[in-house]
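What follows is a short report on a single structure.
The values are calculated or read from the model by the stated rules, or taken from the named source; none is laboratory data. Keep in mind that what you see is a predicted model, and the values were worked out from it rather than measured. We place every Cβ from the backbone using ideal geometry, glycine too, and count neighbours over all the protein chains shown.
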Amino acid sequence: MYAPYALRSEESRGRRYPEKPHPYRSAFQRDRDRVVHSRAFRRLESKTQVFTNRESDHFRNRLTHTIEVAQIARTVASALGLNSDLTETLALVHDIGHPPFGHAGEKALDRKMRHYGDIFDHNLHALRIVEYFELRYPEFRGLNLTFEVREGIIKHSRDWDASEFPELAEYLLDQRPPLEAQVIDLADELAYNVADLDDGVESGILSLELIRERLPEFERLWKEVEKNYPDALPKLKFSECLRRKLDHMVTDLIHASGHRIRAARIHRASEARQYPERLLRLSTEADAERRATKEFLHECLYDSSMLSDDRERLEDVISDLFRFWMENPKDLPASYQEQLEQEKPARVVCDYIAGMTDNFILREHEARIGGREDVEQKRRR
């Protein structure tokens, strides 16, 4: 049963192209299913989360990360009485606009686009995917998702200035996103903070000893687990600590957010939109723990020499191919060459690269750049 402040599907502002209601699925359930069946969603399986070397089959990729975020988000939504169907849909679509190679890919594309007076943002690209690039229906282009899902795609993790982004004006930029959308950014960070500790130890970059030394809250959990399971293998103790850490943070998010919603006397979804700040947040203590974990991961994992060197190499791959297609637009697929009539070349090239998987872009780089470099080296000899 939904709380009074939940956003019900019958209150949706509808779709860009009107459709008849489905006999047994709500509008947000249909949106969820359209996302899951999209090509862009399937491609997440072959896109980097943190690790690109694939030395372990157990590292998260964008798809497994997305599934973990959806599980957390749905749990939070259900506990708070929010619309869990809308929340799950937003969780499943939240990373659909990510390019290959994770944040390295996004950084490289944004740098290239700024050179041409534009930007690349994975949430804006996700909106382009669901509105334009997905081709599944004869009646319309894109997935024809409800307004609330499209709004949540761009607003779940940041606020936008309508004067700077007039093309987004229809998405109520002067208002907060619905509570269901506010869940996503927090569920995303809680998921990857714990997952990246796990994958960091799996990779050998992080050690259990370093985590215990640098994160006091984790050390407290470790002592509890050691007391309860003295004979367990260290790997199982570590897994139990991660489980307890995630459970603690999710529980805190539910309790702290519920308290804020009640204190603000929010009784309708429209009131949450008009509130001067986002209502879903961790408590002060838990947020300090979140920040400490995030800082630790940046210092000891993301900025480690192993990942930094790999990141620079992969950024070069994207830069090389961006330059190649800007100089050789006739080598783009026919569907993208057609877009050159309406879009700037840089945007067309950016869109093409952003949709690629890690493996595909590496094959393209070998075919387009690697082969040419080999020929040029032979000529110089």
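With in the same structural domain as Lys47 (by TED's automatic domain parsing), in contact with a Lys or Arg (Cβ under 8 Å, 6 or more places away or on another chain) and of a type in the set (A, V, I, L, M, F, W, C) as the only criterion, which of Ala288, Ala263, Ala272 stands out? Don't jump to the end; show me each part of the working.
Working: Ala288 fails: in contact with a Lys or Arg (Cβ under 8 Å, 6 or more places away or on another chain); Ala263 fails: in contact with a Lys or Arg (Cβ under 8 Å, 6 or more places away or on another chain).
Of Ala288, Ala263, Ala272, the one residue that is in the same structural domain as Lys47 (by TED's automatic domain parsing), in contact with a Lys or Arg (Cβ under 8 Å, 6 or more places away or on another chain) and of a type in the set (A, V, I, L, M, F, W, C) is Ala272.
On the stretch given as the stretch 169-180, residues that are touching a residue at least 24 places away in the same chain (Cβ under 8 Å), farther than 12 Å from Phe147 by Cα and either surrounded by 16 or more Cβ atoms within 10 Å (Cβ to Cβ) or not assigned by TED's automatic domain parsing to the domain that holds Leu90 (or both) total 3.
Taking residues in the stretch 328-353 that are of a type in the set (Lys, Arg), and partners anywhere that are surrounded by 13 or more Cβ atoms within 10 Å (Cβ to Cβ), the pairs with Cβ atoms closer than 9 Å and at least 6 places apart or on different chains are Lys330/Gln337; Lys344/Tyr116; Lys344/Asp118; Arg347/Met113; Arg347/Tyr116; Arg347/Asp118; Arg347/Gln339. For the stretch 203-223, a residue qualifies if it is crowded, with 16+ Cβ neighbours inside 10 Å and either over 20 Å from Leu307 (Cα atoms) or not aliphatic (A, V, I, L, M) (or both), and the qualifying residues are Ser203, Arg212, Arg214, Leu215, Glu217, Phe218, Leu221, Trp222. Being at pLDDT 95 or above, more than 18 Å from Ile154 (Cβ to Cβ) and of a type outside the set (Phe, Trp, Tyr) is true for just one of Ala40, Ala70. Which residue is that? Testing whether each residue is at pLDDT 95 or above, more than 18 Å from Ile154 (Cβ to Cβ) and of a type outside the set (Phe, Trp, Tyr) leaves just Ala70. Here the condition is being touching a Ser or Thr at 6+ places or on another chain (Cβ under 9 Å), surrounded by fewer than 24 Cβ atoms within 10 Å (Cβ to Cβ) and not hydroxyl-bearing (Ser, Thr, Tyr); of His98, His103, His115, His125, it holds for His103 alone.
Going residue by residue through the stretch 96-118, is there one that turns out to be within 22 Å of Leu145 (Cβ to Cβ), aromatic (Phe, Trp, Tyr) and modelled with pLDDT of 95 or more?
Of all residues in the stretch 96-118, those within 22 Å of Leu145 (Cβ to Cβ) come to 96-99.
This time we only want the ones that are aromatic (Phe, Trp, Tyr), so: none.
There is no residue in the stretch 96-118 that is within 22 Å of Leu145 (Cβ to Cβ), aromatic (Phe, Trp, Tyr) and modelled with pLDDT of 95 or more.
Scanning the stretch 273-311 for residues that are at pLDDT below 95, among the acidic types (Asp, Glu) and surrounded by fewer than 16 Cβ atoms within 10 Å (Cβ to Cβ) yields a count of 2.
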